[in-house]
Amino acid sequence: MGIKTIISHINTVRELAFQLEMRVNTLVYYSINDQSRFYSQFDINKKTGGTRTISAPNKSLKEIQRRIYKLLVQLYAPSEAAFGGVRKRHIRSNALRHKDSLWILRIDLEDFYGTITRNRVFGLLRKLGFETLPAAILSNLTTLNGVLPQGAPTSPVLANMVCRKLDTEMTKYAQRYGLRYTRYFDDLVFSAPVRSRTTFPPESRQVRPEGIPRLDPYGFRRIVEQQGFKLNENKTRFKRRRIAQYVTGVKINENPNVSRPYIRNVRAILHDWEVNGYKKAQERFEQVTGSTSPLKQVIRGRIEHIGFVRSSENPKEDEIYLKLRLRLAGLKTTT
């Protein structure tokens, strides 16, 4: 069923409820009440320092948002440049797009989800062809305090839908200079292939001594601002080939890999667990990170991440991954 056909059957609240396979009263109740009643918020630590606020919908609203998500993915074909929140695309495939680069330029969008407002979501849905009332209800159900919440199942797909024009314009900009471009949520990356003659985009030719490009009001800055976003100047990074290049946490100079400090940290935690026991290792982990997550789950997740990045097709063939998994399997949580 085509996009126009699907949307043509959603002209009223009752028809929207039918598409979502839910009762009209339930749909209306969750759309007209204060959305903050249906969320719980908590902070998680960022790898780069500081915290990120997660807004998690309650069980009922989350189920509604999952149904909305299933509807939205039928209406949206992700751009070739979008890798975050897209099926069968991930941090590794995003990084591989930039393998064998003379240089990479990473730029970050400031307050990404907070910039995508309810009005932008409403306007997007209206452009798709939704009538005013169904668009308003969907906008209310997928936003919190007027913006996309980080933690709702619908936020990634809506963000990608809003960013489609941004990706189109950035891709054109990259192609103009023979560059490659991808976006993983708010993380935008440009790179120059090894055989490229482009030393640096003309609009960004000057580079500060610390390696951060001095961007002027043109080029990709202009595109970002025209599309309603803002650059995070503090997270702009330029790396030449002779320096370790990372894209979404994956080293891309040669074969995909995580950083050496990341692997060393996993080994150090396992060593602490082996020598001092699980309880003390958990306590030390909480002191260092501020996280109360079970250490066994965290360390297993990190080991799986190492295996996935280094060899996504068959991690069990990777020696480092296998050694770490064997060490973990030999440890107990009761000591």
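The values are calculated or read from the model by the stated rules, or taken from the named source; none is laboratory data. It should be emphasised that the depicted structure is a prediction, and the values quoted were computed from it without experimental measurement. Glycine also receives a Cβ, built like all others from the backbone with ideal geometry; neighbour counts cover every protein chain displayed. Heavy atoms of the whole protein, side chains included, go into the accessibility calculation; ligands, DNA and RNA do not. Shrake-Rupley method; radii C 1.70, N 1.55, O 1.52, S 1.80 Å.
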Taking the stretch 95-142 and keeping residues β-branched (Val, Ile, Thr) and open to solvent by less than 10 Å² (accessible area, probe 1.4 Å) leaves ILE104, ILE107, ILE116, VAL121, THR142
Since GLU203 meets every condition but one in (1) at pLDDT 90 or above; (2) surrounded by 13 or more Cβ atoms within 10 Å (Cβ to Cβ); (3) of a type in the set (Asp, Glu), which condition does it not meet? (1)
Among the residues of the stretch 125-145, the number that are closer than 15 Å to ASN33 by Cβ and not in a helix (DSSP H, G or I) is 3
Test of understanding: among THR48, THR53, which residue is assigned to a strand (DSSP E or B), at pLDDT below 95 and of a type outside the set (A, V, I, L, M, F, W, C)? THR53
Conditions (1) modelled with pLDDT of 70 or more; (2) outside any loop (DSSP other than H, G, I, E, B): number failed by ARG195: (2)
What do you reckon, is ILE7 open to solvent by less than 30 Å² (accessible area, probe 1.4 Å), at pLDDT below 95 and of a type in the set (A, V, I, L, M, F, W, C)? yes
Report the residue count in the stretch 276-331 for those that are assigned to a helix (DSSP H, G or I), open to solvent by less than 90 Å² (accessible area, probe 1.4 Å) and among the acidic types (Asp, Glu). 3
Flag if PHE38 is without any contact (Cβ under 8 Å) to a residue 24 or more places away in the chain, open to solvent by less than 30 Å² (accessible area, probe 1.4 Å) and either in contact with a Lys or Arg (Cβ under 8 Å, 6 or more places away or on another chain) or farther than 22 Å from LYS127 by Cα (or both): yes
Scan the stretch 239-262 and report the pairs whose first residue is of a type outside the set (S, T, N, Q) and whose second residue is part of a loop (DSSP other than H, G, I, E, B) and open to solvent by 50 Å² or more (accessible area, probe 1.4 Å), with Cβ atoms within less than 6 Å and a gap of 6+ or a chain change. ILE252/LYS99
